[in-house]
Amino acid sequence: MIGDRLLRTGVIGTLVAALCCFAPVLVVLLGVVGLSALVGVLDYVLVPALAFFVALTGYALWRRKRAKGG
């Protein structure tokens, strides 16, 4: 049980950290290629993407637990 909890915490933390580190890179890359007008849209894309991947992780863990017979 503790292993599942740690896995969930680790995956969610990894996603949050990846999102926080990747957003500035997107801003720089969009500016370099001349698409800096899209920078304002990043908030509307990144937050739902984070929610989707967190939900996907939860669903995967739920299926894993169900497959074990829990």
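Some observations on this one:
- Per-pair calculated FRET efficiency, R0 = 25 Å: Arg8 and Lys68 via Cβ, rounded to 0.05: 0.95
- Placing dummy labels 7 Å off each Cα toward the beta-carbon, the span from Ala60 to Ala37 is 3.7 nm.
- Charge-dipole axis of the chain as Lys and Arg at +1 and Asp and Glu at -1 on Cβ define it, positive-most pick from Gly13, Trp62, Leu38: Trp62
- On Cα atoms only, tilt of 42-67 relative to the major axis of the chain in degrees: 20 degrees
- When percent of Cα pairs over 15 Å apart is computed from the coordinates, the matching label among [x] 76; [y] 62; [z] 52 is [y].
- The chain: angle of helix 2-32 to the longest principal axis, Cα-based, in degrees nearest 10: 10 degrees
- Counting 0.36 nm for each residue step from Ala49 to Val28 and taking away their Cα separation leaves a gain of 5.6 nm.
Quick note: the coordinates plus some simple rules give every number you see, no bench work behind them. These numbers were taken from a predicted model, which means no experiment stands behind them. Note: ideal-geometry Cβ built from the backbone for every residue, glycine included; neighbour counts use all protein chains shown.
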